[in-house]
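Report on the following structure.
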Amino acid sequence: MSKQVKEMLISDIRGRIRGVRDTLVVDSSKLDAVTDNRMRLTLRKKSIRPFTVPNTLSKKALAAEGAAGLDSLLEGPSTLIWGGEDIVALSKEIAKWAKELEPLKIKGGVSEGTALSATAVDELSKSPGRLELIAQIVGLALSPGRNLAAAILGPGGKLAGQIKAIGDKEPAPEESVTT
């Protein structure tokens, strides 16, 4: 391959991965073509992009984009995978596929410039995702308010119920006083 063609390919790879903060590396070389295509199409529907490129070109493109943490993982057949909501959602999806498809192997990844081993990716896949954490934080933030409202409304509700019961009670007939 000529130097000019290599530069064009590196430029194309850089354009594809520009701005990507979280990337996983897998070995999908042992998957048959039909299974690999089915996985890729399903991932694309979830805004996850798999991309298989030669390792030397990948290393150069990643280094130019400031994501050199993947160099040690780019040995042998490698597919770069990025996208999804966050690194946890990406890890969950790829770990699910790795369990379903035995030949698919997770090599590792990088998140915000930090290298991740295959076991770290597996651990990430078991942790709560971004939206789950936001829901937990919102629940914790609203909890004191709920408790306060219950404390205020509890006795007030009892008092209002008693006042209503007294108001609904039929008045006693007035006795006429004769003098």
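Values in this text are rule-based calculations from the coordinates and carry no lab data. The structure displayed is predicted, hence computed values, not measured ones. Cβ coordinates were reconstructed from backbone atoms using ideal geometry, including for glycine residues, and neighbour counts include every protein chain displayed.
A few remarks follow.
- Listed residue pairs exceeding 32 Å between alpha carbons, taken from LYS3/LYS46; LYS3/LYS92; LYS30/LYS60; LYS3/LYS99: LYS3/LYS46; LYS3/LYS92; LYS3/LYS99
- Spherically averaged projected area in nm², based on the convex hull that wraps the Cα atoms of the range 128-167: 3.4
- Computed over the range 40-157: relative contact order in percent, which uses C-alpha pairs under 8 Å that are six or more apart: 21
- Within the chain, the longest run free of GluC sites (Glu not before Pro) that sit in a DSSP loop with at most 16 other Cβ atoms within 10 Å is 1-64.
- Ellipsoid semi-axes in whole angstrom, largest first, where each is sqrt(5λ) of the Cα gyration tensor of the chain: 65, 17, 14
- Qualifying trypsin sites (Lys or Arg not before Pro) in the range 18-95, DSSP loop, other Cβ atoms within 10 Å at most 13: ARG18, ARG21, LYS30, LYS46
- Considering only GLY83, GLY154, GLY139, the mean-square fluctuation computed in a Gaussian network model of the chain, springs between alpha carbons under 10 angstrom, is largest for GLY154.
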